[in-house]
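Structure first, then comments.
Each reported figure results from applying straightforward, stated rules to the coordinates on display, with no laboratory input. Just so it is clear, the model here is predicted, and its values are computed rather than measured. Here the Cβ positions follow ideal geometry from the backbone for every residue, glycine too, while neighbour counts run over all protein chains shown.
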């Protein structure tokens, strides 16, 4: 068992290649954000020789002394052929972390390379009053996916050639999800315990420390409800009524859970952006493995893959990508729409086993002029042909489509 645990930590990941390229090409700091237990610390420690963690009392004392003391610890006054790399973990817990980073980078940024990572809370703080603009590049880290199970090299363009995932890897993703520990360990009892612990950390530690939510009982009830409704539209007035809170509070709490990476929101797409913001979003969990309904699990699995791809493509500079969905007054709906540089690019309808082509794909492709429209069927076996060779609506195996993404 010990050898298996050691082997798990040696698994290469796509984000290692992303960081390697960043450190070679860019002087800006690398900010690595993402859900709890997605592997940020492991990857960033492997990329750097110097690692400081705010949760370590000795490291915290050093960081509180300011940029000069930090530079002294790193021996930045020494002549080196290569700039040293330092990882700063959980730094956002420091009330003046942005001031510290700004001062350190502006003074010593040419003498070292800096990686800043932490729990999902990093992205919460990053959104408010960004005084570090221009001094960092953001990389949003996601769990394992079909594409990453096949290849971990850095992509040179968004769409890869189709490649077949092994049956064992596909079954592991379906049953255990993509978070590294349960995905790589592949033991049902461990996965259940891991889920329970992660839920407790989110509901107790993150919500208490970051958001200072006083009514944790009501928030935990909301989390339970949302766990049962992955892939569904959120009606905030209904949520508020079920929990006994104000509608504005329900909206604020859902947004907070999305920022903490418990789940994510997919908003409808309209040419009129303000109109889109007034419509109800769809909610998806970040982890599909606990969903009992196969339809919800299928749609959430594909949704998580698509979110990983659009955020990864954006972070890599391939374009400005967004994930949306489509629904009209006649209640015709397509599960997902990938928008590239503000133009509809790819429609994706998800089915567990249904192979009769959805009429909504034809309708919305004609309305949006999107170049691609796929009905991704989870139960279909892999086909070694690119989905993106086709411009008309077409039924494709989910394994084939997802293999061409990140």
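Each of 132, 306, 326, 265 was scored by other Cβ atoms within 10 Å of its Cβ. Listed from fewest to most, they are 265, 132, 326, 306. Here r is the Cβ-Cβ distance between residue 367 and residue 61 and R0 is 60 Å; the resulting FRET efficiency, rounded to 0.05, is 0.50. In the chain, Cα pairs under 8 Å separated by at least six residues give a relative contact order of 15 percent.
For the pair residue 237 and residue 265, the difference between a 0.36 nm per residue extended length and the Cα-Cα distance amounts to 8.4 nm.
For the chain, the 222 nm mean residue ellipticity estimated from helices alone, with every DSSP H stretch of n ≥ 4 adding -39500 (n - 2.57) and the total spread over all residues, rounds to -12000 deg cm²/dmol.
Looking at the square roots a ≥ b ≥ c of the eigenvalues of the Cα gyration tensor of the stretch 232-310, which shape do they give, rounded for a/c under 1.5, prolate if a/b is larger than b/c, or oblate? Oblate, because a/c is 1.5 or more while a/b does not exceed b/c. GNM on the chain, alpha-carbon springs under 10 angstrom: the most fluctuating residue among 329, 297, 60 is 329. Hey, any idea what Rg/Rh is for the stretch 211-273, computing Rh the Kirkwood way over Cα pairs? With Rg and the Kirkwood Rh in hand, the quotient comes to 0.98. Both numbers refer to the Cα atoms of the stretch 320-406; Rg and Dmax are 12.3, 38 Å. For the chain, take the longest principal axis of its alpha carbons; what is the angle in degrees between that and the long axis of helix 167-176, to the nearest 10 within 0 to 90? That works out to roughly 80 degrees.
Between helix 247-259 and the chain there is an angle of about 60 degrees, using the helix long axis and the longest principal axis of the Cα atoms. Taking the square roots of five times each eigenvalue of the Cα gyration tensor of the stretch 349-392, the equivalent ellipsoid has semi-axes of 19, 14, 6 Å, listed largest first.
Compared with the dominant Cα axis of the chain, that is its longest principal axis, helix 359-368 is turned about 60°. Extension gain, residue 355 to residue 80: 0.36 nm times the residue separation minus the Cα-Cα distance gives 92.9 nm.
As a proxy for reagent exposure, ranking 153, 314 by other Cβ atoms within 10 Å from fewest up yields 153, 314. If you plug the beta carbon distance of residue 204 and residue 248 into 1/(1 + (r/R0)^6) with R0 = 30 Å, you get a FRET efficiency near 0.80.
Give me 194, 253 ranked fewest to most by other Cβ atoms within 10 Å of their Cβ, as a rough exposure proxy.
194, 253
Expressed to the nearest 5 percent, the antiparallel share of DSSP beta bridges inside the chain is 35 percent.
One quarter of the surface of the convex hull around the alpha-carbon atoms of the chain equals 20.9 nm², the direction-averaged projected area. Distance from the Cα centroid of the stretch 155-232 to that of the stretch 359-406 is 26 Å (rounded to whole angstrom).
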